[in-house]
Every structure is written in C-alpha cells, then in structure tokens.
Amino acid sequence: MDHLFTGTAFAPFVPYMYLAGGLGVLIFCGNWLVTGSIQIARHFKISTLVVGLTVVAYVTSAPEMFICIGAALDNAHDIALGNVIGSNIANIGCILAIVVLISPIPIRNRAIGFDFTVMFFVTCLLLLFGFNGTIGTIEGICLVAILITYTAWSVIKSRRCSSSKDIEAPTIKPAIALLMILAAVIGMYFSSGWFVHGAREIALQWGVSERVIAVSIVAVGTSAPELISSLIAAFRKEADLSIGNIIGSNFFNIAGVLGVTTIVKPLTVNNHPMFVSDMLWLFGISIVLLLTMIPLSKGKINRWEGGILLLIFSAYMFILYR
C-alpha cells in the first residue's frame, strides 16, 4: 500500500490507514475468538470464572500475541515489550475502569485472590527477567511452563467443583466454534502486521519513541477485545467473567504472549530506566486493583474506585506524552 501513495498528498495518512485497518480487523476477529472459545468451554463444562480467567482472557489477548511476535521478528523490541506492559496497565486503568463506571462489579468468588496472586507473581518475574537487559529463551520457557500448569490446574479444579447445572448450555456446534476460532486466528495474523507497521511509522512522524507508541496507542488498541467482552459480561451480570477476563488477560500477556515471543526470539530491553518505570506503574495499579476488590468474597468495585483507576491511567498517559 505504501508505494501506491508515495509522493502524494495521502502519504502522511498511510500509517493511520494501516493502524485503523489492522485494529478494525483485530477487534472483529477478537469477537469471533470470544464467541467460539466460550462455546468450546461450555461443551467441556468449565465454570464462568475459569472461562474468564483462561479461555476468554487468552483469546482476547491474541492481538497482543500476534503483534508481539511480529514486532520481535521485525526487531521492534520496544513495541513487543511495551505492548505487553502497556496492555496490562490499560486493562486495569482503562478497560476495567470504563466497565466499572458503566456497571459496578461485585466480587463473589474468594478464589479470585489466588488468581490475582498468580498474576502478580508473573509480573514480578517479568521485572526480574528483564532487569539484566535481555529476556531470553530460558525465561520464555519458564513463563510458558507456568502458563500450562496454571491453566491445567484451573480447568481440573473447575470440573471437580462445578456441576453440569452451573454451566450454561452451548448454542453453537463444536465444529462451527472451532472454525470461527481458526478464521479469527488467521485474520489476526495478517492484521497484526498492519498494526505494527502503522504504529512504527506514526512513531517516526510524531518524533516519539516506539516505546511510547507501544505502551499507549498499541496497548489500548489491542485491549479492545477485553473491553468488549468485559462490557458484555457486565451487562449480562456475569461479574466473574468480567473481572476474570482482566486478571486472566494480564497473566496471559506475560506468561503466554511474552513467553512464546521470547522463545521465538529473545527480547532486548533497550531502555532500562523506562522499563523499570513502566513496571512500577504496573505494580502500583495492580495493587490498587487488589484494594478495590477487598473483601474478596463480598466486595464490590464501585464507580468511584473505577474513577480512581482511570485517573491513575490518565496520569500515566500524561507523563508519557508531556
């Protein structure tokens, strides 16, 4: 597409066309992934909380997966790493905050505390692994091993504790659901490449670093599937699915997305001080999320707490672009 507009008045807008086109297809495919994956989960009789923490969370993080792998192969390491950290901050401070402002989320399941602990643990591992300037293959294998162990444990525990009446009946045949997932994955593979290309070109036009674009525009854009699925869950009064999606997505972004990406190609931390700064913001907003969920069995994330999360995210964005 670039060569068609080279030297024309439209040339400055081409990166935005790539960014918008890639994001649009990512959102569309993300919806297909959510629908197909929920149907598959129902066929296997997995509880709503586990569906949110694993199936929905993982598939809505597929855009981050494709973008990170594409960026790593293109040696855009700042986009790959910044996308994950920025997406995790955006999931809590923007996506969850918007959902809560529209519809407060009750916390009914004490088990969410363990899932938060696992998410926080892999966040600590990310800081530890990246502190020496490189996140390599061994670290990636470690993260993926944690992902597999946690997922298996969650599914097994859910099937043991849930009865068939707790699980909503599927409305789509398994074969059709699998085809939806396959089509969505293929669409995301191509659209993620457009998205990365557009983001890099915009960074050059604006005179800002790839890291700033990655932790802001790219991060918020790739979190759109989480916003859509969490809003739908909130409107359907599926609180476990909504909060589980956010915590599960943050866990998968690190253990799954970065884990697989660094196995494919190790990532270099080009700006160590900025990496540490972004991680401190992530730790801070994660702790605030925990405080809003207390008590973990009869708590409720209220609108004013969602407002605080959004203010923290807004402050982070302001500091990025000042």
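The values are calculated or read from the model by the stated rules, or taken from the named source; none is laboratory data. These numbers were taken from a predicted model, which means no experiment stands behind them. Here the Cβ positions follow ideal geometry from the backbone for every residue, glycine too, while neighbour counts run over all protein chains shown. The protein model used for the area step is the full one, side chains on, heavy atoms only, and it has no ligands, DNA or RNA in it. Shrake-Rupley method; radii C 1.70, N 1.55, O 1.52, S 1.80 Å.
Could you please let me know if GLY130 is at pLDDT 85 or above, open to solvent by less than 40 Å² (accessible area, probe 1.4 Å) and under 22 Å from the mean Cα position of the chain (by Cα)? Show your work before the answer.
Numbers: at pLDDT 85 or above: yes; open to solvent by less than 40 Å² (accessible area, probe 1.4 Å): yes; under 22 Å from the mean Cα position of the chain (by Cα): yes.
Answer is yes for this residue.
Examine segment 47-61 for a residue that is in contact with a His (Cβ under 9 Å, 6 or more places away or on another chain), among the aliphatic types (A, V, I, L, M) and under 29 Å from ARG211 (Cα atoms), and state whether such a residue exists. Steps first, answer last, please.
Filtering segment 47-61 for residues in contact with a His (Cβ under 9 Å, 6 or more places away or on another chain) gives none.
No, segment 47-61 contains no residue that is in contact with a His (Cβ under 9 Å, 6 or more places away or on another chain), among the aliphatic types (A, V, I, L, M) and under 29 Å from ARG211 (Cα atoms).
Is segment 273-294 home to any residue that is surrounded by fewer than 17 Cβ atoms within 10 Å (Cβ to Cβ) and under 30 Å from PHE28 (Cβ atoms)?
no
Starting from residues that are of a type outside the set (Val, Ile, Thr), modelled with pLDDT of 75 or more and part of a helix (DSSP H, G or I), keep the ones in segment 205-221 and report whichever is most open to solvent (accessible area, probe 1.4 Å).
TRP206
For the subset of segment 69-127 comprising residues that are among the acidic types (Asp, Glu) and either touching a Pro at 6+ places or on another chain (Cβ under 6 Å) or part of a helix (DSSP H, G or I) (or both), which member is least open to solvent (accessible area, probe 1.4 Å)? Give the steps one after another, and end with the answer.
Taking segment 69-127 first, the residues among the acidic types (Asp, Glu) are 74, 78, 115.
Keeping just the survivors that are either touching a Pro at 6+ places or on another chain (Cβ under 6 Å) or part of a helix (DSSP H, G or I) (or both) gives 78, 115.
Details: ASP78: 44, ASP115: 9 Å².
By that ranking, first place goes to ASP115.
Output the number of the condition that ILE46 fails; it satisfies all remaining conditions of (1) surrounded by 20 or more Cβ atoms within 10 Å (Cβ to Cβ); (2) assigned to a helix (DSSP H, G or I).
ILE46 satisfies all of (1) surrounded by 20 or more Cβ atoms within 10 Å (Cβ to Cβ); (2) assigned to a helix (DSSP H, G or I) except (2).
Working carefully through the options PHE252, PHE318, find the one that is out of contact with any strand residue (DSSP E or B) (no Cβ under 8 Å at 6 or more places or on another chain), crowded, with 18+ Cβ neighbours inside 10 Å, part of a helix (DSSP H, G or I) and at pLDDT 80 or above.
Values: PHE318 fails: crowded, with 18+ Cβ neighbours inside 10 Å.
Every option except PHE252 fails the conditions.
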